Every structure is written in structure tokens, then in C-alpha cells.
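Asker: One structure is given below, represented as C-alpha cells, and several questions about it will come after.
The values are calculated or read from the model by the stated rules, or taken from the named source; none is laboratory data. Values in this document were obtained by computation on a predicted structure and should not be read as measured data. With ideal geometry, Cβ positions are generated from the backbone for all residues, glycine too; neighbour counts draw on all protein chains shown.
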Amino acid sequence: MKKKDILKELIIDFQGKKLPLIIERDIVIPINTKKIISVIGVRRSGKTYALFQTIKKLLKNTPIEKIVYISFEDERLELKAEELSLLIEAYKELYPEIPLNEVYFFFDEIQNIEGWERFVRRVYDNYSKNIFITGSNSKLFSTEIATSLRGRTITYKIFPLSFKEFLKFKNFEFEKKYLYSLEKKTILKNLFNEYMKFGGFPEVVKVEDENLKIKILQEYFEVMLYKDIVERYHIKSPTILKYFTKRLIESIGKPISINNIYNEIKSQGYKVSKDTLYEFFDMLEAVFFILIIKKFSKSILKTEFSQKKAYLVDNGFLTALTFSFLENYGKLLENILAKELIAREYELFYFKEKKECDFVAIKDKDIIPIQVSYSLQDKKTKEREIKGLLEALNYLNKKEGIILTYEEKDEITVGDKNIKIMPMYEYLLLWKEK
């Protein structure tokens, strides 16, 4: 079959299908901005469904014939950049009476076509201002957008489900009064335990069997590693990449020394350069597998050159890829918060001078120092967490800080500082932006 005919088939197939059942996410993708809307994020986090949610909104006032959705992961499509114009030709032959400036184009995982950005720019400049694109590699997207689409695009990041969205997917409609109902609170905590261990990838959330959840998450990891990194970047040493990735996972929440990992790999007889390991680090961030935070300092230079910490984009990977965190609920809680803060577009840092504070989250004029500890029942643990938070508060000249736990709740005053202690699940559900 000719490529143009395949494109016609894809256009008509989508227009003839009923959209799948959509549980609406909190993120809202705007429609008539006259900008290219870029939706980026980790694989399987719901980017395609964000497009479907937008299409569903459009269909209230727009006929389906004016909507073109193409998934560039479809195995029937083997297009080169110079052949993408066939898509416009295919549409015009199907609907010669519809002006192209009235058509909405949705290009899913368009990064699979090298040189895609020139085609998108041409469509935007000559035919339609209604373009929506998705991709799973922030580095590729940011480079291509910077060079070819500058000023023409607005970018939205999609993450796996927040805890609020997770509850919605579980058909649990949260109300604040449930925090005072023993029965509802028990259900809520059980759901939080599931979220803490298996994360918020939409497909995984809908699976009941725990072994199957783990298998799906492991499959996600393999696809990200081999398809998004090894194949795309032509990695010649996938074994070293996999080992390096596993070492990063084990170091979640700790300052990362790539030099130490380099020496470990070298001691086992593998040949690899430090530069290659730094490149692996960048690639894992680019495909949204890891989220990077830097040390907070009033000196920009110190911040930029400080040791970084890495967290995973979803807690499910912590459970599925290593045994280290099965009982380490403190790290599971910490990872949840790191992902949530970054998803809410906070700049995220860790604080370390004489003492350490897990997070300093900054957005606009909102600066929040936060400690995370599974429990404060142990006197030494409580003392350590409070001292670290107080040092951060003094450094930042702030009056209020937060310690998030699994289930403990309290409020204490030390001098002129106020410290709220509350369960993580409660904080995630009640948190409102200032």
C-alpha cells in the first residue's frame, strides 16, 4: 500500500472510532491558543489520553472530520521527514472542501521522525495554527523547539498520576471530612500504601494483581532503556548503561558521585569513560526516568557545581527494579514528594550545611523547607529532622517548615519557628498553592 493511502487509512480509522473512556486528569490543555502545544513526559504517563481529553473537548463544537490524529508509533508508518507532507496531501484529497486553517492536527510521539520540527513549522506557518504534539524525550524536544519552533510553542509536562488523580482512577471521591472517619481513613491509607509502592502509571493503577503490576513496570523500564536510549543514541554498551541505572536507583535521595560509580565499574573489568557515564545520566533525565535536584545555595555557582540527587519519576519503578526499597518507606515517601513538587512546577533543591533538610521547594515567592521521615517515634530521629529543618529555616529566614510522615500529626514551636508535622497523604490531598 502506498504511504499516502496508509495515512488516509489512519485518518479515517481514527475519525470512525469512538474515543476510549477518559478519566479526566487535573492538567488542562488549552485549545485555541494559536500556539503549537507540546505535551512531553515519560512513556505511558498519559500523554495520548491528554490529547484524547482535548479532542473530546473539541468535539463539542468541532466536527470529527476537522480533527487529524496520527500516532507515529504505529507500525504501519515508516516515514522520513521529507515524506511528512504526504499527510497534508492525504487530508486534502479526503476533504477538499475543508480549509486547512480549520483543521486540528494531533501528532503523537512525533519525535520518532527525525527532522519532524521542520514539517510542523511548515504546517504552522502555512496551513494551521491548531497543532498538538507529544514526545518522550525532553532533550530532543527542547533542542528542536529551541532551533525551529522558538516563540511558536507552549510546553506542558505530563507525569504519572498524582495521589489525587490516583484516587479518582480508583473511584474514591475524597472529601476532607473523610480524615475524621475511621472507616474512610482506613480505605484512604490502604490506597495510599498501594500508591506508595506501585506508583501512578495509569495502566498499572487499573491492574489488581501485584505481580502483574511489577511485570508491567519492568517492561516499561526495558522499553525506555532500549528503545529510547540504546537504539536512539546508538549505545554500544547497554550492559554498563543498565548497571549504571541500577546504581542510580539504589542511590535515590543521596548525593550522587558518578566518580564512585565509575571506579566500581572499572574495578569489575569494564571499560567506560566518565564522560560516557555523565552522558547516560543526561539521557536518563531526558527520557524522564530520573528527576534531578541540586543543592540549595545563595551562590548560583555553588548550586550549579554541587553534587546532585536523583529521584525516579514514579515510585513503581523503585518497587519493580530493586529490593532495596520494599521496606524503606521513608525513601518511598521522599520519592513521592520529589515527583509531586516537580510536577507542580516547583524548583526543587536539597539543603545541606552542618545539617540536612530534604527539600527546599520554590515557586514564585513561595519557599517551603520540607523534611520527610517515615516516623518520628524515635527520639534521635525526631531531633535530627527538627535540627535539619531549623537550620534551613534560619538560612532562608523563614518562620514555618513542614515535616511529612507516614501517619503522625502534630504542631510544634521552637523559638520563633513553627513546624507542622503531618501525614504525607493528607498533605498531598489538602495542599493548595498560596
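Asker: When Lys168 is evaluated against the numbered criteria (1) buried (at least 16 other Cβ atoms within 10 Å of the Cβ); (2) touching a helix residue (DSSP H, G or I) at 6+ places or on another chain (Cβ under 9 Å), which criterion, by number, is the only one it fails?
Answerer: Condition (2) is where Lys168 drops out.
Asker: Any residue in the range 196-225 that's free of Cβ contacts under 8 Å to residues at least 12 places away in the same chain: show its pairings with residues that are buried (at least 22 other Cβ atoms within 10 Å of the Cβ) and not acidic (Asp, Glu) at Cβ separation under 6 Å, as long as the two are six or more apart or on different chains.
Answerer: That search, which allows pairs on different chains as well, returns Val207/Lys213.
Asker: Let me ask something additional. Which residue, of Gln218, Gln111, is within 20 Å of Val287 (Cα to Cα) and surrounded by fewer than 18 Cβ atoms within 10 Å (Cβ to Cβ)?
Answerer: On the way: Gln111 fails: surrounded by fewer than 18 Cβ atoms within 10 Å (Cβ to Cβ).
Answer to the selection: Gln218.
Asker: Assuming Gly253 fulfils every condition listed in (1) within 30 Å of Ala50 (Cβ to Cβ); (2) at pLDDT 95 or above; (3) surrounded by 15 or more Cβ atoms within 10 Å (Cβ to Cβ); (4) not basic (Lys, Arg) apart from one, which condition is it?
Answerer: It is condition (2) that Gly253 fails.
Asker: Taking into account only those residues within the range 328-384 that are basic (Lys, Arg) and not in a helix (DSSP H, G or I), which is modelled with the lowest pLDDT? Reasoning before the result, please.
Answerer: Residues of the range 328-384 that are basic (Lys, Arg), as a first pass: 331, 339, 344, 352, 354-355, 363, 365, 379-380, 382, 384.
Applying the additional criterion that residues be not in a helix (DSSP H, G or I) yields 344, 352, 354-355, 363, 365.
Details: Arg344: 95, Lys352: 95, Lys354: 95, Lys355: 96, Lys363: 94, Lys365: 85.
Ranking the candidates gives Lys365 first.
Asker: Please determine whether any residue of the range 110-117 is in contact with a strand residue (DSSP E or B) (Cβ under 6 Å, 6 or more places away or on another chain), closer than 20 Å to Arg44 by Cα and either of a type in the set (Gly, Ala, Ser) or not in a helix (DSSP H, G or I) (or both).
Answerer: Within the range 110-117, the subset in contact with a strand residue (DSSP E or B) (Cβ under 6 Å, 6 or more places away or on another chain) is 110-111.
Okay, now just the ones that are also closer than 20 Å to Arg44 by Cα, so 110-111.
Filter once more, keeping what is either of a type in the set (Gly, Ala, Ser) or not in a helix (DSSP H, G or I) (or both): none.
Looking through the range 110-117, none of the residues is in contact with a strand residue (DSSP E or B) (Cβ under 6 Å, 6 or more places away or on another chain), closer than 20 Å to Arg44 by Cα and either of a type in the set (Gly, Ala, Ser) or not in a helix (DSSP H, G or I) (or both).
Asker: Separate question: Would you be able to say whether some residue in the range 9-22 is modelled with pLDDT of 95 or more and under 30 Å from Ala286 (Cβ atoms)?
Answerer: Within the range 9-22, one or more residues are modelled with pLDDT of 95 or more and under 30 Å from Ala286 (Cβ atoms).
Asker: Here's something else I'd like to know. Among the listed residues Leu429, Leu390, Leu404, which satisfies the condition of being surrounded by fewer than 20 Cβ atoms within 10 Å (Cβ to Cβ), within 28 Å of the chain's Cα centre (by Cα) and touching a residue at least 12 places away in the same chain (Cβ under 8 Å)? Don't jump to the end; show me each part of the working.
Answerer: Values: Leu390 fails: within 28 Å of the chain's Cα centre (by Cα); Leu404 fails: surrounded by fewer than 20 Cβ atoms within 10 Å (Cβ to Cβ).
Among Leu429, Leu390, Leu404, only Leu429 is surrounded by fewer than 20 Cβ atoms within 10 Å (Cβ to Cβ), within 28 Å of the chain's Cα centre (by Cα) and touching a residue at least 12 places away in the same chain (Cβ under 8 Å).
Asker: Let me ask something else about it. With the structure loaded, tell me whether Leu7 is in a helix (DSSP H, G or I) and under 21 Å from Ser138 (Cα atoms) or whether it fails that test.
Answerer: On the way: in a helix (DSSP H, G or I): yes; under 21 Å from Ser138 (Cα atoms): no.
When the stated conditions are applied, Leu7 does not pass them.
Asker: In this structure, is Ser181 surrounded by fewer than 19 Cβ atoms within 10 Å (Cβ to Cβ) and of a type in the set (Gly, Ala, Ser)? Explain how you work it out, then say what you get.
Answerer: Numbers: surrounded by fewer than 19 Cβ atoms within 10 Å (Cβ to Cβ): yes; of a type in the set (Gly, Ala, Ser): yes.
In short, yes.
Matching residues to (1) surrounded by 15 or more Cβ atoms within 10 Å (Cβ to Cβ); (2) touching a Lys or Arg at 6+ places or on another chain (Cβ under 9 Å); (3) of a type in the set (Ser, Thr, Tyr):
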position: Gly115; (1), (2), (3): no, yes, no
position: Phe119; (1), (2), (3): yes, no, no
position: Tyr124; (1), (2), (3): yes, yes, yes
position: Ile131; (1), (2), (3): yes, yes, no
position: Ser136; (1), (2), (3): yes, yes, yes
position: Arg152; (1), (2), (3): yes, yes, no
position: Pro160; (1), (2), (3): yes, yes, no
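Asker: Residues to consider are Ser299, Ser257, Ser267, Ser273; find the one that is touching a residue at least 24 places away in the same chain (Cβ under 8 Å) and among the hydroxyl-bearing types (Ser, Thr, Tyr). I'd like the intermediate steps shown before the answer.
Answerer: Details: Ser299 fails: touching a residue at least 24 places away in the same chain (Cβ under 8 Å); Ser267 fails: touching a residue at least 24 places away in the same chain (Cβ under 8 Å); Ser273 fails: touching a residue at least 24 places away in the same chain (Cβ under 8 Å).
Ser257 is the lone residue from the list that is touching a residue at least 24 places away in the same chain (Cβ under 8 Å) and among the hydroxyl-bearing types (Ser, Thr, Tyr).
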